[in-house]
Amino acid sequence: MKAIRVVAFGGPEVLKFEEVPDLKPGAGQVLVQIHAIGVNPVDVYMRAGTYPRKPSLPYTPGTDGAGVVASVGSGVTKFKSGDRVYTAGSVSGTYAAQALCEEVSVHPLPAKTSFLAGAAMGVPYGTAFRGLFQRACARAGETLLVNGASGAVGIAAVQLARAAGLRVIGTAGTERGKKLATEEGAHEVLDHKAPNHFEKALTLSGGRGFDVILEMLANVNLGRDLTILAPRGRVVVIGSRGTIEINPRDAMGRDGSILTMSLWNASPQDLASAHAALVAGLENETLRPVIRHEIPLSEAPRAHEVIVEPGAYGKIVLIP
């Protein structure tokens, strides 16, 4: 079968499209015939060798994908050949025609959900759900600010929060991104490149501040986030590309909390709970992944270049 292989850490050019041996599932494993592959920023960091978790070389990237079960190993009870599924983790990597996954990392894909949408679920929606409900414990009636609402995680957060009854304010860096976040459910969307957007956000909260802030770029925004928290508000750091200096008193005066998260730290129970909710959201169509680009698997290096460009807008998906 065809797969992307990485034999050395480096730039996008280290992603090589090669012929590799076919796979067979072991005990507790599911072999998925991949129809679509989700590209995530963490894939880029791992390929570059800058992420704290470094895969053993050589390896095939990717955790997210969607397709049809080709075969199952002994002990697998939840899936059978022919089932439509999405993956949120892979033993062999999903940048390939087939992927081996542990049974717990495979989830049913509703008949009316496309493979493209299924490939967009694992990291973005898992991250948004964990940040909102397992870390911030967001509740209906609270006010949420999504700093970076037009990217894959941001859109997931907007959809999840609206379905749960929160008031949602988003930010985006382009008119196209602002329009998308509005269409997907944000009550108001601000331009995060405008120098006064924090002041505008505070006004939109009625001057009270935000109960929850999901922060995609903490090294730029965290210090200002703390100044627009509501009493007992929570900032959840989802992404950061560097360091930042903050004034702890901005949080102390509000009994505010800075929470951090990584999807890698989620317990099996947390992941099972999250994906039960996500599958239900696909079934009732409150969750609708937005696909920005469909790129052939052979052009994976181009996908890794596009995903780090400014102006986040939905999800990039590779097609085997």
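The values are calculated or read from the model by the stated rules, or taken from the named source; none is laboratory data. Here the structure is a predicted model, which means the values were calculated and not measured. Counting neighbours? That spans all protein chains shown, and the Cβs are built from the backbone with ideal geometry, glycine included.
For the reader, a short list of remarks on this structure follows.
- Checklist (1) under 19 Å from the mean Cα position of the chain (by Cα); (2) over 21 Å from Gln134 (Cα atoms); (3) without any contact (Cβ under 8 Å) to a residue 24 or more places away in the chain applied to Ser262, failing item: (2)
- Every test in (1) touching a Ser or Thr at 6+ places or on another chain (Cβ under 9 Å); (2) within 24 Å of Arg47 (Cβ to Cβ); (3) of a type in the set (Gly, Ala, Ser) is passed by Ala136 save one, and that test is (2).
- Exclusive hit being part of a loop (DSSP other than H, G, I, E, B), at pLDDT 95 or above and crowded, with 20+ Cβ neighbours inside 10 Å, set Pro21, Pro25: Pro25
- Top-ranked residue of segment 93-138 - restricted to ones that are of a type in the set (D, E, K, R) and outside the structural domain of Val32 (by TED's automatic domain parsing), ranked as farthest from Leu263 (Cα to Cα): Arg135
- Scan of segment 296-305 for residues that are of a type outside the set (Gly, Ala, Ser) and crowded, with 19+ Cβ neighbours inside 10 Å, ordered by number: Leu297, His304
Let's see how each residue does on (1) touching a residue at least 60 places away in the same chain (Cβ under 8 Å); (2) more than 28 Å from Gly118 (Cα to Cα); (3) touching a His at 6+ places or on another chain (Cβ under 9 Å); (4) not small (Gly, Ala, Ser):
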| residue | (1), (2), (3), (4) |
| --- | --- |
| Leu190 | no, yes, yes, yes |
| Ala201 | no, yes, no, no |
| Arg208 | yes, yes, no, yes |
| Glu245 | no, yes, no, yes |
| Pro248 | no, yes, no, yes |
| His275 | yes, no, yes, yes |
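- Within segment 175-186, restricting attention to residues that are surrounded by fewer than 16 Cβ atoms within 10 Å (Cβ to Cβ) and not acidic (Asp, Glu), the residue that is farthest from Val212 (Cα to Cα) is Arg176.
- Remark: pairs (first residue in segment 77-88, free of Cβ contacts under 8 Å to residues at least 24 places away in the same chain; second residue not charged (D, E, K, R); Cβ separation under 6 Å; 6+ apart in sequence or on different chains) = Ser81/Val69; Ser81/Ser71.
- Only one of the numbered conditions (1) surrounded by fewer than 22 Cβ atoms within 10 Å (Cβ to Cβ); (2) at pLDDT 95 or above is not met by Pro52, and that is (2).
- Residue pairs whose Cβ atoms lie under 8 Å apart, separated by 6 or more positions or on different chains, with the first residue in segment 130-143 and over 17 Å from Val168 (Cβ atoms) and the second of a type in the set (D, E, K, R) and part of a helix (DSSP H, G or I), are Arg130/Asp270; Gln134/Asp270.
- Residue match in segment 37-51 (condition: in contact with an Asp or Glu (Cβ under 6 Å, 6 or more places away or on another chain) and either farther than 18 Å from His304 by Cα or in a strand (DSSP E or B) (or both)): yes
- Of the set (1) over 18 Å from the mean Cα position of the chain (by Cα); (2) touching a residue at least 24 places away in the same chain (Cβ under 8 Å), all apply to Gly151 but (1).
- Number of the exception - Val308 against (1) surrounded by fewer than 16 Cβ atoms within 10 Å (Cβ to Cβ); (2) modelled with pLDDT of 95 or more; (3) outside any strand (DSSP E or B): (2)
- Inspection of segment 191-205 identifies no residue that is under 20 Å from Ala277 (Cβ atoms), surrounded by 21 or more Cβ atoms within 10 Å (Cβ to Cβ) and modelled with pLDDT of 95 or more.
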